[in-house]
Amino acid sequence: MIQPIHDYVLLEKIPQEKKVGAIILATEKKSGTVATVIALGEGKRDEHGNLIPFVIKENDRVIYREYAGTEYEEDGHKYLLLKEEDILAVLKD
């Protein structure tokens, strides 16, 4: 598994489903992209060297900025490595 460093976050992409009649198609939306937080780096440091904690936590479902980060695929899972600032919202149940 990948362990992010600094203020990077590892997300696992959640395929979006689209229903056409009785058939369900797995697609990825281009806007409003949703993923699950898998792992966090240690955080960002301010100008005095103090650690700024993450706003998000592992297992949060989030919406991230389109075209952000670096994609990585392993064992059939699609991951995305990006900075916390590219996460736009946390989805609440």
Subject >> Phi-based couplings in Hz for region 81-89 (Karplus 6.51, -1.76, 1.60; Gly and Pro marked x) >> reply: 10, 8, 7, 4, 5, 8, 8, 8, 7
**OP:** Enumerate the amide H contacts of Leu88 below 5 Å, restricted to partners 5 or more residues apart or on another chain; note that Pro and chain-start residues carry no placed amide H.
**Re:** Ile63, Tyr64, Arg65
Subject >> Under 19 Å from Lys13, Cα to Cα: aspartates and glutamates that are on another chain or at least 8 residues apart >> reply: Glu28, Glu58, Asp60, Glu66, Glu71, Glu73, Glu74, Asp75, Glu84, Glu85, Asp86, Asp93
Original post:
Tell me, what are the semi-axes, in whole angstrom and largest first, of the equivalent ellipsoid of region 35-93 as set by the roots of 5 times the Cα gyration tensor eigenvalues?
Top reply: 22, 14, 11
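Every number in this text was worked out from the coordinates using simple rules, so none of it is lab data. Given the structure is predicted, the values throughout are model-derived calculations rather than measurements.
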